[in-house]
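Nothing in this text is a laboratory measurement; each read-out follows from the coordinates by a stated rule. Being a predicted model, the structure only gives us computed values, none of them experimental. Note that we place each Cβ from the backbone using ideal geometry, even for glycine, and neighbour counts take in every protein chain shown.
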Amino acid sequence: MRAPPILLTLLLLLATPWPARADRPANLLPLRDIAVLYRVSGQPDQESREALLRYTAVARVLRLETPGRGAGHVLVDPIRRQAHMILPGGGQFIELPVGQDRRFALLLNPATPFTRRGTARIAGHVCTLWDVHGGRDSATLCLSAAGILLRAQATRGELAGRSLEAVRVEIAPQDPALFQLPAQARELNLQDAVRAFLLMVR
């Protein structure tokens, strides 16, 4: 399973405990458990694909799956700035170095400016459009009052042109077991992780 980089970047951005201010969204995290199916688009010459995001409001952990692309998934703990890719079968996992990514460091800065741009309705939910700028990277987000990310588009930086948009939103309790590393799962060392990655991208 290859997690869309724009989605991982935005997940950590939105899950940061920003100070309450009038020039920022009221809720940057969902207020309740959700499951959102996104259409993720890359460059113009790439086909769009789907990504399923689940969130548990109690543990504040996110789970990212790519339907139809294997049984693997990614767990993101934004508070600890950790992410783990669980490989198909659930017996092995790789820790992703998200905390070292330049985009995360810039976007997670509390001084990152938000600019309100209007409203839209996506997947049956009203959301507010925000421009977000962090160093060389910029994005436009559409967030509902309940903290659900309904659309995002990278407008500048390495991910420019990539976007995601919600096509289905389900507000319902999520199974806590979905947000935990599988029992007895083994962390791969660097050599094994590279080998597993090469197998997945063939």
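A few points about this structure:
- Rounded FRET efficiency, nearest 0.05, which uses the C-beta distance separating Leu178 from Arg116 and R0 of 41 Å: 0.75
- Put in order of Cβ neighbour count within 10 Å, fewest first, the listed residues Glu50, Glu187 become Glu187, Glu50.
- Packing-based order for 141-152, 28-39, 116-127, using average beta carbon neighbours within 10 Å, highest first: 141-152, 28-39, 116-127
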